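Participant: Take a look at the following structure, please.
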Amino acid sequence: MTQPQVIPLYPGGTPEPDSFATIENGLRVIRNVTQPSLTAYLPDAAIATGTAVIVAPGGAYHFLAHEHEGTQVAAWLNAHGIAAFLLKYRLVQTGDDFAQVIGKNLSSPEVWESTIWPMIELEAADGCQAVRLVRSRAAEWGVNPRRIGLMGFSAGGHLTLNVALRHDAGSRPDFAAPIYPAPPKEAPVPEGAPPLFLLCAADDDMAWPVCTQYYSAWRKAGQSAELHIYAQGGHGFGMNRTGLPSDGWIERFGDWLKAQGF
């Protein structure tokens, strides 16, 4: 894997230093993103396939679980000849009482309406812009502009679904992979929607209804979709090894990419 390159997501933007915090179970996360960016992780040219995946970590709209849902995913993709672009999208801002703020915000209908839903709209815009940016510089990065996908986890899966549902011609991903996604607001499946890869665990009561709903919606719209539901795994497993069958989820994604011709 080559040295990663950090690129401002929007013209005139300036990547900001990462603001780190440690939360439960020792998870080190990035928070307080106001200047969104992409970090490019490119595979060895000898094995490059021309496929690219934009990776959006989760984090309840307040942080980014950038390792087990970000850099570790990028490393797997690069090892398989796939370019990875880690998306740092805009987040709800948090102060010193970081962990407490998240719980209070997520349990407050008023905060959802005043702060979280508006931020989700900005995050969706960041996802669309990420697709446009990678496509516009595809030749520079050795990427096929018709093989650019988007993968997201939890809140990043929400972002991924929003882009798959609400893109324009320039920001349509060629495939989309929401992994244990948070639920988006209702929207019709667009004509020509990208192929969809959905994955979650049955003991994740937030994500499995979302996955089954959008698998059915894609199929009813005549669009390509694949759904994997593991019996166990909970929420947020990412690249963590738990000793469960869900540890192999990314290999199933790789199988799907091959079957799709990516």
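The values are calculated or read from the model by the stated rules, or taken from the named source; none is laboratory data. Please read these numbers as outputs of a predicted model, since none were measured by experiment. For neighbour counting, all protein chains shown are included, and Cβ atoms are generated from backbone atoms with ideal geometry for every residue, glycine included.
Participant: Hey, among the residues in segment 8-29 that are within 16 Å of PHE85 (Cβ to Cβ) and either modelled with pLDDT under 95 or of a type in the set (S, T, N, Q) (or both), which one's surrounded by the fewest Cβ atoms within 10 Å (Cβ to Cβ)? If you could, list the steps in order and put the result at the bottom.
Facilitator: Step one: filter segment 8-29 for residues within 16 Å of PHE85 (Cβ to Cβ), giving 8-10, 13, 15.
If we keep only those that are either modelled with pLDDT under 95 or of a type in the set (S, T, N, Q) (or both) as well, we get 13, 15.
Details: GLY13: 13, PRO15: 16.
Restricting to residues being within 16 Å of PHE85 (Cβ to Cβ) and either modelled with pLDDT under 95 or of a type in the set (S, T, N, Q) (or both), the top hit is GLY13.
Participant: Here's a follow-up. Among residues belonging to segment 62-121 that are among the aromatic types (Phe, Trp, Tyr) and over 21 Å from GLY238 (Cβ atoms), point out the one that is nearest to the chain's Cα centre (by Cα).
Facilitator: Filtering first and then ranking leaves TRP117.
Participant: Do any residues in segment 25-38 that are outside any loop (DSSP other than H, G, I, E, B) have Cβ atoms under 6 Å from those of residues that are acidic (Asp, Glu) and surrounded by fewer than 23 Cβ atoms within 10 Å (Cβ to Cβ), where the two are at least six apart or on different chains, and which pairs are they?
Facilitator: Here the result reads ILE30/ASP18, each pair linking segment 25-38 to a residue that is acidic (Asp, Glu) and surrounded by fewer than 23 Cβ atoms within 10 Å (Cβ to Cβ).
Participant: Out of ALA21, ALA56, which single residue is closer than 18 Å to PHE253 by Cα, touching a helix residue (DSSP H, G or I) at 6+ places or on another chain (Cβ under 6 Å) and not β-branched (Val, Ile, Thr)?
Facilitator: Answer to the check: ALA56.
Participant: Let me ask something else. Given the conditions (1) surrounded by 18 or more Cβ atoms within 10 Å (Cβ to Cβ); (2) outside any loop (DSSP other than H, G, I, E, B), report the number of the one that ALA193 does not fulfil.
Facilitator: So the condition that ALA193 fails would be (2).
Participant: Here is a further query. If you check ARG166, ARG146, which single one turns out to be basic (Lys, Arg), within 25 Å of LEU106 (Cβ to Cβ) and modelled with pLDDT of 95 or more?
Facilitator: It is ARG166.
Participant: Filter segment 81-91 down to residues that are part of a loop (DSSP other than H, G, I, E, B) and out of contact with any Ser or Thr (no Cβ under 6 Å at 6 or more places or on another chain), then give me how many there are.
Facilitator: 3
Participant: For TRP117, indicate whether it is surrounded by fewer than 23 Cβ atoms within 10 Å (Cβ to Cβ), among the aromatic types (Phe, Trp, Tyr), modelled with pLDDT of 95 or more and farther than 23 Å from ALA182 by Cα.
Facilitator: Details: surrounded by fewer than 23 Cβ atoms within 10 Å (Cβ to Cβ): yes; among the aromatic types (Phe, Trp, Tyr): yes; modelled with pLDDT of 95 or more: yes; farther than 23 Å from ALA182 by Cα: no.
No.
Participant: Tell me, which residue of segment 65-109 that is more than 25 Å from ALA124 (Cβ to Cβ) and of a type in the set (D, E, K, R) is surrounded by the most Cβ atoms within 10 Å (Cβ to Cβ)?
Facilitator: My answer is ASP97.
Participant: Among GLU186, GLU226, which is surrounded by fewer than 21 Cβ atoms within 10 Å (Cβ to Cβ) and part of a strand (DSSP E or B)?
Facilitator: GLU226
Participant: May I ask you to say which residue of GLY58, GLY50 is at positive phi, of a type in the set (Gly, Ala, Ser) and at pLDDT 95 or above?
Facilitator: GLY50
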